[in-house]
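Have a look at the structure below before the remarks.
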Amino acid sequence: MLSHPLLPKLRQLKLSGMLHSLDRRASEAAEAQLSPTEFLALLLDDELERRSQTRFARLMTESGLEPGRTLAQFDFSAVPQLNRTLILELATCAFVAHAESILLVGPTGTGKSHLAHALGYEALKRGHSVYVRSAHRLLADLHASRADGSYSRRFAKLCSVSLLVIDDLGLRPLSPQASEDLYEIIQERYERRPLLLTSNRALHEWPDMFSDTLLASAALDRLTHHCHTIVIAGQSYRQRGRRKEDPAIDPPASAA
């Protein structure tokens with residue numbers, strides 16, 4: 001392939017990827033007696049598909065989405081109380097166009113992050129821009145950006161991305177500055193672009209995460225308006241997996 005006579009010309013035209021299917025398509029064209037136009041159309045379709053896949057892979061990397069966390073790989077049977085119909089409806093991503101936020105609340109290990117990544121993946125497939133970070137990392141990076149002069153650019157990105165996913169909100173306490181930054185993000189995205197947040201803290205505990213009660217009230221008022229709140233109950237996936245691997249972790253109760 002590296003010595004193919006067409007390689008220099010294809011490189012000059014930024015079409016060197018065509019070499020991956022050129023010989024195969026040439027054989028198919030000869031066998032099916034395709035016209036030159038039909039043969040060229042096949043090569044162009046291959047090139048467009050390659051570019052689409054390359055672009056999607058790049059957007060996946062930039063988004064922070066984890067490839068293994070999709071709806072196809074989510075175990076709905078492990079959380080039977082979860083409204084599967086609602087999740088599949090959200091997977092159409094109409095909520096993105098309508099700027100409807102999503103709150104996923106429940107104990108650690110019940111699949112909140114998996115669902116958040118899965119819905120983000122569906123949004124990315126439909127051409128929406130997506131950015132996923134843990135609450136601690138997102139707010140720490142935003143704070144650090146003040147020192148290197150990139151705050152305005154980073155904040156603008158958090159406000160303009162089609163779907164912003166903030167994972168594990170409340171896992172660590174918020175500093176006064178982090179509380180203000182989170183409020184500003186919520187305020188700027190309110191009724192413009194949706195947020196998807198996960199937290200292992202019950203909704204009535206959310207005001208305690210903020211350093212200021214008035215700030216908390218204003219943030220939650222906006223956040224819970226035009227919002228889908230999904231509470232997930234149940235045992236941790238990880239703990240269930242440990243019990244299957246080692247029954248001694250949770251031995252059966254002895255008879256009375």
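Stretched out straight at 0.36 nm per residue, the stretch from ALA97 to SER145 would grow longer than its current Cα-Cα span by 14.3 nm. Helix 135-148 and the longest principal axis of the Cα set of the chain meet at an angle near 70°. Projecting label points 7 angstrom from Cα along Cα→Cβ for LEU214 and GLU188 puts them 2.3 nm apart. Computed from Cα atoms, the angle from the helix 213-223 axis to the main principal axis of the chain rounds to 40 degrees.
Using the per-residue mean of other Cβ atoms lying within 10 Å as a proxy for protection, in what order, highest first, do the peptides 97-105, 151-159 fall? Intermediate results must be reported in sequence, preceding the final value.
Details: 97-105: 18.7, 151-159: 14.2.
Final packing ranking: 97-105, 151-159.
As a rough guide to protection, the peptides 163-172, 129-138 ranked by mean Cβ packing within 10 Å, highest first, stand as 163-172, 129-138.
Could you tell me what a quarter of the Cα convex hull surface of region 66-241 works out to, in nm² with one decimal place?
Numbers: hull surface 39.8 nm².
That works out to 9.9 nm².
Taking GLU122, GLU49, GLU188 as the candidate residues, the one with maximal mean-square fluctuation in a Gaussian network model of the chain, Cα springs under 10 Å, is GLU49.
Is region 8-62 best put as rounded, prolate or oblate by its Cα gyration tensor, with a ≥ b ≥ c the root eigenvalues, rounded for a/c under 1.5, and otherwise prolate when a/b is larger than b/c, oblate when not?
Details: a/c = 2.93, a/b = 1.93, b/c = 1.52.
Verdict is prolate for region 8-62.
Relative to the longest principal axis of the Cα atoms of the chain, the long axis of helix 151-160 makes an angle of roughly 80 degrees.
None of the figures in this text is laboratory data; all of them are computed from the coordinates on show. Because the structure is predicted, anything quoted here is derived from the model rather than measured. No Cβ is skipped: glycine too gets one built from the backbone with ideal geometry, and neighbour counts run over all protein chains shown.
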